[in-house]
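Working notes, beginning with the structure itself.
The values are calculated or read from the model by the stated rules, or taken from the named source; none is laboratory data. From a predicted model like this one, the values you see are computed outputs, not experimental measurements. Virtual Cβ from ideal backbone geometry, glycine too; neighbours counted across all protein chains shown.
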Amino acid sequence: MSIPYSWKIATNKRTAFLQLLMRWKGTIYKYILHDFCTFLLVYGLISVTYRYLMSDQSRRLVYLNVNLGLFDALCFVHRYFEYYCQYCAGYGHLIPVGLVVGFFVDVVVKRWWGQFQTIPWPDEIALLLSAYIPDDSVLTKQKMKTFMRYINLANTITLRLFCSRIKKRYAVDQILLADGMMTPSELKRLQNSAPSRKAAFYAAPLYWAGELVLEMRDSGLIMSDRAVELLYKGIAVIRAKGAKLIIYNMIINVPLGFTQVATITIYVYVIASTFSCQFLDTTQGYKRKLVDLYIPIFGMLRLIFFLGWIKVAEALINPFGEDPDDFAMDEYNERDVQVCILLLVVD
């Protein structure tokens with residue numbers, strides 16, 4: 001699940017948000033550490049090469065050793081290296097990093113929130129069932145539990161199609177059987193109704209739930225047609241949300257070309273920054289290169305901001321994985337089962 005921190009800033013203190021910067025799990029530091037260290041390493045290697053292997057002193061030593069070919073080569077590399085750094089510094093800002101990455105993050109975050117809102121919750125239909133079936137007999141409660149078991153089974157099968165945590169927990173259908181989510185006869189019926197692991201497979205338990213509602217209406221356990229209508233609407237909502245989640249994750253993704261453009265943009269900018277942020281010979285009078293600070297402070301800050309942006313998008317683009325900021329669907333699944341047991345406990 002997303003890393004909880006709201007309780008840390010429940011009181012508006014001066015240091016409330018500063019305390020959040022000191023955390024590690026799920027933070028931007030963890031996301032950008034590898035890329036940022038790679039940038040610093042490459043930047044440092046280029047800087048050391050420029051300062052020591054292409055310096056005036058190095059070229060003078062080569063010249064004194066009368067190796068004119070190497071001397072000319074060093075002069076050529078030194079001159080054009082500085083030209084290239086100036087070129088990157090002058091034109092690197094033309095890369096539309098903020099526009100591309102910002103738009104990409106906006107699309108991904110909206111999609112992430114939309115998927116969260118689409119997750120089906122069985123609470124409402126469980127409350128409807130409890131409200132419209134006043135009979136407290138053991139047989140009635142067992143039928144109500146069976147109904148909710150079908151709902152949870154449908155949700156579990158849906159999530160197993162694309163959620164890696166649920167896939168690991170219920171790798172085979174027999175685990176569903178062992179966890180009490182279905183009976184052997186229901187497993188056989190399920191496998192005969194549709195090919196296992198297919199997208200349409202998840203809806204079969206919902207059809208069973210609908211049949212059970214009609215059975216309870218015919219037997220008089222459900223007293224009104226209005227109750228049947230509301231329960232069927234609840235089943236339809238769960239089916240629609242399950243179908244929408246499948247579409248989100250298995251049919252319509254963020255366009256691959258868009259993802260590639262955002263990724264290429266940020267990494268081209270990072271590569272260009274390894275040259276544009278270099279401090280050159282201050283005696284040459286290059287524009288914005290009049291002071292040698294060794295460490296490109298503002299270049300590093302820009303890199304942190306842009307890398308952080310794209311890494312947040314990468315973390316949110318598939319919220320049904322196993323990253324710290326992904327939805328904890330295994331806990332959600334267990335919670336649904338426990339809620340239904342509490343709502344429909346057998347007396």
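For the condition of a type outside the set (A, V, I, L, M, F, W, C), under 27 Å from the mean Cα position of the chain (by Cα) and either modelled with pLDDT under 90 or buried (at least 17 other Cβ atoms within 10 Å of the Cβ) (or both), what is the one hit in Lys241, Lys188?
Exactly one of Lys241, Lys188 is of a type outside the set (A, V, I, L, M, F, W, C), under 27 Å from the mean Cα position of the chain (by Cα) and either modelled with pLDDT under 90 or buried (at least 17 other Cβ atoms within 10 Å of the Cβ) (or both), namely Lys241.
Can you tell me which of (1) outside any helix (DSSP H, G or I); (2) surrounded by 12 or more Cβ atoms within 10 Å (Cβ to Cβ) is the one Gly180 doesn't meet?
Exception for Gly180: condition (2).
For the range 112-123, enumerate the residues that are closer than 17 Å to Cys340 by Cα and loosely packed, with under 14 Cβ neighbours inside 10 Å. If you could, list the steps in order and put the result at the bottom.
Keep residues of the range 112-123 that are closer than 17 Å to Cys340 by Cα, which gives 119-123.
Passing the criteria: only Asp123.
Quick check on the range 162-177: of everything there that is part of a helix (DSSP H, G or I) and among the hydrophobic types (A, V, I, L, M, F, W, C), which residue is surrounded by the fewest Cβ atoms within 10 Å (Cβ to Cβ)?
Our first condition is that a residue be part of a helix (DSSP H, G or I); within the range 162-177, this holds for 164-169, 173-177.
This time we only want the ones that are among the hydrophobic types (A, V, I, L, M, F, W, C), so: 166, 175-177.
Details: Ile166: 21, Ile175: 11, Leu176: 19, Leu177: 14.
Ranking the qualifying residues of the range 162-177, first place goes to Ile175.
Report those helices (runs of 4 or more DSSP H) wholly inside the range 1-119 carrying at least 1 residues which are among the aromatic types (Phe, Trp, Tyr), modelled with pLDDT of 80 or more and on the phi < 0 side of the Ramachandran plot. Working first, answer last.
Details: elements: 16-20, 28-48, 56-64, 68-91, 97-118.
Once the helices (runs of 4 or more DSSP H) in the range 1-119 are filtered for at least 1 residues that are among the aromatic types (Phe, Trp, Tyr), modelled with pLDDT of 80 or more and on the phi < 0 side of the Ramachandran plot, what remains is 28-48, 68-91, 97-118.
For Leu206, state whether it is in contact (Cβ under 8 Å) with a residue 12 or more places away in the chain and either crowded, with 17+ Cβ neighbours inside 10 Å or touching a helix residue (DSSP H, G or I) at 6+ places or on another chain (Cβ under 9 Å) (or both).
Details: in contact (Cβ under 8 Å) with a residue 12 or more places away in the chain: yes; either crowded, with 17+ Cβ neighbours inside 10 Å or touching a helix residue (DSSP H, G or I) at 6+ places or on another chain (Cβ under 9 Å) (or both): yes.
Considered against the rule, which asks whether it is in contact (Cβ under 8 Å) with a residue 12 or more places away in the chain and either crowded, with 17+ Cβ neighbours inside 10 Å or touching a helix residue (DSSP H, G or I) at 6+ places or on another chain (Cβ under 9 Å) (or both), Leu206 comes out as yes.
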